[in-house]
Every structure is written in structure tokens, then in C-alpha cells.
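The values are calculated or read from the model by the stated rules, or taken from the named source; none is laboratory data. Quick caveat: nothing in here was measured; it's all calculated off a predicted structure. Every residue, glycine among them, receives a Cβ derived from its backbone with ideal geometry; neighbour counts consider all protein chains shown.
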Amino acid sequence: MAGPLPSLLPQLGAESDCLARRAYRLLLRLATRSGRVPPDLGSKAADRALAEVLGASASTLRNWRRCRARSPQPRLLERARELLPGADDETRELDFLLELTGGARRAARAAEALVTELQGYTLGGDWHLYQGPLFLAFNPNLPPERRSLLMARSSALLDVILERGLHEGVVPALPELIRYSVHGWHHASRFDVRRRSVQERVAYVGAGYLGRVELALYLGDVCAMPALFAGTPGSALPYTERALALLDGAGPADEAASPVDLADARVMVRAVHAQILACHGGGSARSELDRFEREDGARQPANAWIDSVRLGALGYIALALHDDPAAAAEAFGRAADAVDRWLARAGIPFGSTSHSALAGHARAASGDPERGAAVAQDALLRALEHRVIVDEVAARRVLATLAAERSDDGHARYHRARGAALVDSHRLGAWRAALDRLVRPAGARTPAG
């Protein structure tokens, strides 16, 4: 097994929320709804009012709110359970918090219950990286509100596991929990949260449980892509480089332990690496992108999801390096089709990726603006259906550009404003910079290198 990767990890818990604050918010909501705490109080007044309800000191509640205490006291949660009735979901959330503040056995029980629920949304209960967890991310039968709650629970569980030094012998569901934490963040483009979850929790804990090939895929795909969208090329490329080094050191035993073979894993990581370079350029981009096209870009992987990423990378290269929108449209279109075929195995009618929006731009730039606008509009509807904000940003950028080209200034302003609001609220400035480079009229782009 590969060891932990401290050089790639920020200080654990530096930016993450805590159980105490989460409990504070839940109890304040319950107390306000029951009329025990007046609404619209200031922070200090709310501390005092909630403390009086629970029979605690105001400083205790203030420490919860400020995360100066990492975990709430179980006795106060038990008291809240008796005094503050809530809806079914709120009661289950309070019970979940009680499980986490209990002993190791209760944390293990909470993890098993969460993973059991998640398995109901996966394809056949298979939990490897490009199977169950990713299918779960697109599953339309999982309501977005429930998905958000499950994400928060997964994050809290992994925090508790790390803080207490628990392992698979104590928490048998730990490996599946790690895998879910990767793709649970797919929706709502919570890439800063997803990045912290992966870097702080999954890479650190997962290094003890995941094989070399799977760990390389987590680093080269799941760590790198959030950094592409919400960070910088400088923060993204170290993950793909570390992943490729892990794959270079992998042998037959590592491959036998992985559901993805070494050749497909290399294509996946090199495709992500190429996409980062194509989106952001740089002095070395041309030679590396040429190499990708000659080698990994020409090989069709057995795994359809990985093939969609390979084709997407070829689309980015066609736009950024060759200024060839016709080739880009072909590559992006095939990438989107591959995703839909892959999802159809689980009965999921369609997915959402940025490839669809960029296919619309490329079609318009290659001389078919009407078809391009239709493809981009379909991409926007897909993104809205799945609530994938990063894809919505891409679709709105393309639609704004196409509207401006046909002098429809009202629609252009509308899509620009909606896209800008999403970029600002979700901190997707790096993705906006990439779209600035890629989504331009034919002949107006600056080739890489």
C-alpha cells in the first residue's frame, strides 16, 4: 500500500466545520420553531437563550458556535432530544450527532447505516471509483436535499474517525465511506469542500486502505479536478504528477488488486493532466499536449467513463492548441455520448459534464451557430437538472457568447450575470479563467505554448 501523502495535505481541520457548530445550528432551529427561543436574535442573545433551554452556560454554547469546542457534550444533546421535538429528518440528524459523540462502537454503527443507505443508490453495490460512487453522484432518485445531508454526514464521520484514530477493524464500513466521500461532492460544485474532503480525509485515511492504482486515481482525478475548477494550475498539477509517479511504480500485484487496469489508469490521469494544461496553457504545454495526442489520446480505454475524459481532453486540446473547432466539436460530442451510454447501464437517462456546453461552442465556432446554441441550451438544462454548478457556468458562458454574436444583448447580459453570480458564490475563478481562454469566436483564441 502507498503511504500517507503529507506533502500534498493542508493542515487537517484548518478550514472544516465542526460537530459542535453543526449541533448548535440544529438545536437553535428546533428551539426557535418550538417557541422556546425568540427568532432573529443576535449571536450572543441566541447563545444565552439556547443555554437557558438546555440548562447550560452561555459560554458553552458560544464555544459550540465558534467551533472552540470540536464536539458537543452528549448530555446536552440528550436533553435537547427530550425537550425539542422536530421533524423526522431533524430527529434523525440529532440521533446521528449523538452517535458521533458516543464511543467508537456508535461511530461504527453510524458509518454502517450511512453506507447501507448509500448502497441503495449505487449500481449493484459496487464501490470502486468509477462505478458505484460515481453512479450515485448522477442518480436522479437521490433528492438534492438528501444528497447534501448525506455529504455532510460523510464528512463528519471521517472527521471523527481521524480524530479518534479508528481503523477498519473498528469501523468496517470505512473503505466504502472513503470512496463515497470522493464523489458525494460532485453536485452543487462545492469544489472547495470536495477538495478539503479529499485532501484532508480521503488521501490521508485512504492511503492505508486503497491500493496504489486506486490511490493514484483519487489523486490524479479527484484531487486535481477541484483544483482546476476552484484553484490554480499550480495547485492542480502536483496531484497528477504524484499520481503518475505512483502508477510508474505499480506492478502486477497492484494491478490485480485494482478494478481499473494500469493502462486505463494512466490514460485517465494523463487526460486530466492534458485538460489542465489545455485550459491554462503555459510554456511547456505544446510538447506535453502533442505527446498526449500521440500516445494516450489515441488509445481507447475499456472503461467508458475514462474514455469520456480522454475524449474531453482531446476537445480542449483542439480548441486551445490547434484552434480547430470542428475537431473539438467532434471530440466533445463523443465525450458527452460516452457519459450517457455509461450512465444508461444504471438506468440513468443522461448526465451532466462541461463537454456538452463546450461542444455547443465548438459547433457554433465551426460554422453552425444554430446547432451550437441548441447543444449549449441542452447542456444548460442537464446542468440544472443535476445541479452541477460548474457545468452551468460553462453553459451560460457559451450561451452568453452566442447571444452577443447575434446582437441579442438582453440574453447575453442575463447569462453573463447568472454565470458571474455562480462563479463568485462558489469561488470558481479558475474555471472562469479557463473559459475566458476557450470560449471565443473562431480565430480569436490564443493557441497554447
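Of all the listed residues (ARG413, ARG387, ARG418), the sole one being surrounded by fewer than 23 Cβ atoms within 10 Å (Cβ to Cβ) and in contact with a Lys or Arg (Cβ under 6 Å, 6 or more places away or on another chain) is ARG418. None of VAL115, VAL160 is closer than 27 Å to ALA58 by Cα, touching a helix residue (DSSP H, G or I) at 6+ places or on another chain (Cβ under 7 Å), crowded, with 17+ Cβ neighbours inside 10 Å and among the β-branched types (Val, Ile, Thr) except VAL160. What are the residues in region 211-238 that are assigned to a helix (DSSP H, G or I), more than 17 Å from VAL260 (Cβ to Cβ) and either touching a Phe, Trp or Tyr at 6+ places or on another chain (Cβ under 8 Å) or at pLDDT below 85 (or both), if any? Within region 211-238, PRO226, ALA227, LEU228, PHE229, ALA230, PRO233, GLY234, SER235, ALA236 meet the criteria. Of the residues making up region 34-47, those that are outside any loop (DSSP other than H, G, I, E, B), surrounded by fewer than 18 Cβ atoms within 10 Å (Cβ to Cβ) and over 33 Å from the mean Cα position of the chain (by Cα) are LYS44, ALA45.
If you filter region 279-325 down to residues that are among the hydroxyl-bearing types (Ser, Thr, Tyr) and modelled with pLDDT of 90 or more, you find that the one that is farthest from the chain's Cα centre (by Cα) is TYR316. Of all residues in region 61-93, those being touching a Leu at 6+ places or on another chain (Cβ under 9 Å), among the charged types (D, E, K, R) and in a loop (DSSP other than H, G, I, E, B) number 1. For region 286-323, filtering for residues that are assigned to a loop (DSSP other than H, G, I, E, B), polar (S, T, N, Q) and touching a residue at least 60 places away in the same chain (Cβ under 8 Å) leaves 1.
Among the residues of region 235-275, the ones that are within 30 Å of GLY429 (Cβ to Cβ), among the polar types (S, T, N, Q) and surrounded by fewer than 23 Cβ atoms within 10 Å (Cβ to Cβ) come to 1 in all.
Given the condition more than 24 Å from ALA156 (Cα to Cα), in contact with a helix residue (DSSP H, G or I) (Cβ under 8 Å, 6 or more places away or on another chain) and surrounded by 13 or more Cβ atoms within 10 Å (Cβ to Cβ), answer yes or no: does some residue in region 61-79 qualify? Within region 61-79, none of the residues are more than 24 Å from ALA156 (Cα to Cα), in contact with a helix residue (DSSP H, G or I) (Cβ under 8 Å, 6 or more places away or on another chain) and surrounded by 13 or more Cβ atoms within 10 Å (Cβ to Cβ). Only one entry in ARG363, ARG416, ARG341, ARG371 is among the charged types (D, E, K, R), in a helix (DSSP H, G or I) and closer than 19 Å to CYS279 by Cα, namely ARG363.
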